[in-house]
1. Would you give the gap between the C-alpha center of region 277-316 and the C-alpha center of region 351-370, rounded to a whole Å?
2. Over all Cα pairs of region 199-291, how is the pair count split among 10 Å bins, expressed in % and running from 0 up to the last occupied bin?
3. Long-range amide H contacts for Arg169: which residues qualify at under 5 Å (H placed 1.01 Å from N, peptide plane, sequence gap of 5 or more or a different chain)?
4. Under a 5 Å amide H to amide H cut-off, with H placed in plane at 1.01 Å, what residues pair with Lys393 once short-range neighbours are removed?
5. Ranked from highest to lowest mean number of other Cβ atoms within 10 Å per residue, what is the order of the peptides 290-301, 173-184?
6. Of the listed peptides 240-252, 50-62, what is their order by residue-averaged count of other C-beta atoms within 10 Å, with the highest listed first?
7. Per DSSP H run of n ≥ 4, the term is -39500 (n - 2.57); total these for the chain, divide by its residue number, and report the mean residue ellipticity at 222 nm rounded to 500 deg cm²/dmol.
8. What pairs from Lys222/Lys276; Lys250/Lys364; Lys292/Lys313; Lys177/Lys289; Lys220/Lys393; Lys220/Lys327 go past 31 Å between their alpha carbons?
Amino acid sequence: MIVGLVLAVIYTQFLVKPTFKASGNIENIGGVSETIMPSITLVVTEQETLEKVVNKMNIPNASQAEEIEKIRSGINVGNYSATTLKINISYKSSSKDDAELVLNNIIDATIERFIELNPETEGRLRKQQTPILAENVGVSNVVIYIEFIFIGAIFGIVVGITGDLIKRRLLFETDLKEYDLPYNVIDLSLEKGDVIPQIETEEFLNGLLVLLDKLEGTVKEKKAEVIGIVNLGYETYDTFSALLAEQVAKIGFNVLVIDLDLEHPRLSDLYNLDAKRSVTNILTAGEIKPYKINENLDVLPSTSYMFPARFLKDERLNKLIRTQQTKYDYVFLNVPTIDYYAPLLFNFDLLDLLLINTSFEGTKIKTIDNYIGNVDYENRFKLFLNGIDSRTKRKVLPHPPHNKPEKVE
C-alpha cells in the first residue's frame with residue numbers, strides 16, 4: 001500500500017496532466033434559416049476559422065500551424081438544435097485558463113467566419129451571455145490515489161504470498177501439525193518487559209519435562225534411550241540437548257550428552273571442559289571417559305574435525321554410543337544442523353529418536369522441509385518436532401472488579 005501511495009504521488013505530481021473542458025453555445029437570435037444554420041458546425045473547424053483563432057491569440061506565424069492542429073484536436077462540436085436554437089462547442093486543454101481562452105476565441109471566430117460566408121446572418125448570431133467556465137473532467141486525484149493504493153495492496157499480497165511460499169517462517173502450531181509427525185509446543189508466554197532469560201523461565205524448564213514425557217510416549221515399543229537433538233531455531237537453543245539433559249538429570253535420571261557437532265562444537269565451552277577428552281579421540285585412543293558435570297549428568301564434548309560425515313559412519317562411534325547406552329537412562333546426541341547428517345545417524349543405527357527443535361518466527365518452513373525430506377521414509381516415524389514459542393505477547397490487564405451496589409434493606 002505504501003508503494004502504491006508513492007506511485008500515486010509520482011503519477012499525479014509529475015506524470016499525469018489534468019484535463020479541463022470549457023463549453024459554450026452559439027445562439028440563433030435572429031431567425032437564421034434552419035437550412036443554413038446547421039452548416040455552422042462545419043465552419044468551426046475550417047482552416048480559415050482556426051487561423052482567425054490563432055491570430056486573435058497573437059500566436060507567432062512560425063507556431064501557428066502547430067497550434068492550429070492542437071486546437072483542432074481539442075474541439076468537439078455538437079449538432080444544431082432547432083428546439084433551443086443553439087449549437088454547443090467544447091474544447092479540452094490541460095490548463096483551465098487556456099481552455100476558456102481558446103473556446104472564447106473559437107466561438108468569436110466561428111461567428112465572424114459564418115457571417116463572412118452568409119452576410120445576411122449578421123446580427124442574428126451571438127455567443128452565450130454567461131461567462132464560459134472550464135471544469136476539470138479528468139480523473140480526480142482522490143480516485144487515482146485510491147486506485148494506486150489498491151494496486152499496491154494487491155502487489156503486496158502477491159509479494160507476500162510469494163515470499164510466504166519461499167521464505168515463510170514457522171508461525172502457528174498448525175504448521176507443525178501439517179507434517180503428520182508427533183510434535184510438542186513450549187509456549188514461553190513472554191510479555192513485553194520480561195527480563196528473565198528465556199531458557200531460565202519456569203515455562204521453559206517445565207516444558208522440557210513435558211517434552212520428555214511426550215518423547216517417551218512416541219517410542220511405544222521400548223524406552224527412548226538414544227535421542228538425537230538438532231536445533232533449527234534461534235541460536236539461543238543451540239545447546240538444547242544440554243538444557244534438556246540438565247532438567248532430566250534433576251529429576252533423577254542418569255544422562256549422558258555427546259556432542260556430535262564437529263563443525264561447531266559448543267558443549268566444551270558451555271561447561272568449560274578440556275577439549276583433550278573429545279569424542280573424536282575414539283579414533284586414536286579407544287573408549288573415552290565422559291566428564292561428570294553433576295551426580296546424574298555426564299558430558300562428552302567434541303572438537304572440530306575435518307570429516308564429520310565420515311566420523312558419523314565409523315563403527316567405533318557406533319560402539320561407543322551403544323556401550324554408553326547400557327550405563328545411562330538416556331544418551332542425548334547433539335546433532336549438527338546440516339541436513340544430511342541425520343540420515344547418516346539413522347542409517348548406521350545410532351538413534352532411537354530424533355528431536356527437531358524449532359522456533360516460532362525463527363525457523364523457516366523450507367528449512368524444516370529440507371531437513372525432514374533428507375530422512376529416509378522408513379525412519380520418519382523416529383522423528384519428533386518441538387516448537388518453542390518465544391514471541392512477546394501483549395500483556396493482558398485484568399478487568400477491574402465490578403462493585404455491585406449494596407442491597408438496601
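Throughout, read-outs are computed from the coordinates displayed, never taken from laboratory work. Quantities reported herein were computed from a predicted structural model and do not represent experimental measurements. Glycine also receives a Cβ, built like all others from the backbone with ideal geometry; neighbour counts cover every protein chain displayed.
1. Taking the Cα centre of each part, region 277-316 and region 351-370 sit 25 Å apart.
2. Result returned by the calculation: 13, 43, 33, 10, 0.
3. Amide H neighbours of Arg169, under 5 Å, 5+ apart: Ile365.
4. Sorted by chain and number, the residues that satisfy this are Leu190, Glu191, Lys192.
5. On the way: 290-301: 18.8, 173-184: 15.2.
Listed from highest to lowest mean packing, they are 290-301, 173-184.
6. On the way: 240-252: 20.2, 50-62: 15.2.
Taking the mean over residues of other Cβ atoms within 10 Å, the ranking is 240-252, 50-62.
7. Values: 15 runs with 160 residues, N = 409.
It comes out at -11500 deg cm²/dmol, rounded to the nearest 500.
8. On the way: Lys222/Lys276 35 Å; Lys250/Lys364 33 Å; Lys292/Lys313 27 Å; Lys177/Lys289 40 Å; Lys220/Lys393 36 Å; Lys220/Lys327 21 Å.
Over 31 Å apart, Cα to Cα: Lys222/Lys276; Lys250/Lys364; Lys177/Lys289; Lys220/Lys393.
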